[in-house]
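The values are calculated or read from the model by the stated rules, or taken from the named source; none is laboratory data. What you see is a predicted model; the values in this text were computed from it and never measured. Positions of Cβ are backbone-derived with ideal geometry, glycine not excepted, and every protein chain shown enters the neighbour counts. Surface areas here come from the heavy atoms of the whole protein model, side chains and all, with no ligands, DNA or RNA. Shrake-Rupley method; radii C 1.70, N 1.55, O 1.52, S 1.80 Å.
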Amino acid sequence: MPLFKNYLTSLNAAAENSPTVASTEVKKNIHQANYYLNLLLNDERLAINNHDYDFQWIDIANLINNILQQNSAVFIHKQLIPELTGLDGIKVLTDRKWLHFCIEQLLSNAIKYSSPNSIINISWEMNSLRIADHGCGISMNDLPRIFDNGFTGKNGHRTTAATGMGLYLVKKVTEYLNFKVSISSVQSQGTTAILSFLPDNIRSSN
């Protein structure tokens, strides 16, 4: 994938132009290269479709905190603040690996299209995990096609980081598992990605 090579090329160019490269630059480029490599690998795994799923009760707050920690470099780079609400005590029954993948993809989109120095809200409401940014939003014309393979839309055309694969793969995963994905958005105001679970697949200690 060209985008994968772009970040490795950027690192190589930085190393050739200077005897030292800032750790933030290294971390950002490695994170993005890994992100696109994982997209490719997970697309291959879904294509094989061996239904090798491991359903277990997953602590949402714990999983979210792990994902935030893994993505801390990009949060710092864009000076974004994650704000968590209502996650404590919530457990969902599904496959941990694929839920992690879905959340990371939705969070990656929120980061990508957020304005610097803004907040990304991550909350639990009405049997759903919601990831809301306050960025550019999605146009009404683009919304019906956001889950199409390769579709990047107007926002994607503004950045070299868009592949059109992330939401497509999330939708594909949810078709195999026991939760659903939906997106709501208002252009110039932000986007909310929602993962919805059936009541029987939720436990709450609150």
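Values as computed for the structure displayed
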read-out: Selected residue (only one of Ser123, Ser72 is surrounded by fewer than 16 Cβ atoms within 10 Å (Cβ to Cβ) and either of a type in the set (Lys, Arg) or touching a strand residue (DSSP E or B) at 6+ places or on another chain (Cβ under 7 Å) (or both)); value: Ser123
read-out: Test: residue in segment 44-54 that is part of a helix (DSSP H, G or I), out of contact with any Gly (no Cβ under 8 Å at 6 or more places or on another chain), open to solvent by less than 80 Å² (accessible area, probe 1.4 Å) and modelled with pLDDT under 95; value: yes
read-out: Qualifying residues in segment 94-110 (those that are crowded, with 17+ Cβ neighbours inside 10 Å and over 8 Å from the mean Cα position of the chain (by Cα)) - the one nearest to Leu63 (Cα to Cα); value: Leu99
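Each row is one residue, and each column tells you yes or no for (1) part of a loop (DSSP other than H, G, I, E, B); (2) open to solvent by 20 Å² or more (accessible area, probe 1.4 Å); (3) farther than 12 Å from Ser128 by Cβ; (4) at pLDDT 95 or above.
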{"position": "Gly164", "(1), (2), (3), (4)": "yes, no, yes, no"}
{"position": "Glu175", "(1), (2), (3), (4)": "no, yes, yes, no"}
{"position": "Ser182", "(1), (2), (3), (4)": "no, yes, no, yes"}
{"position": "Thr192", "(1), (2), (3), (4)": "no, yes, no, yes"}
{"position": "Ser196", "(1), (2), (3), (4)": "no, yes, no, yes"}
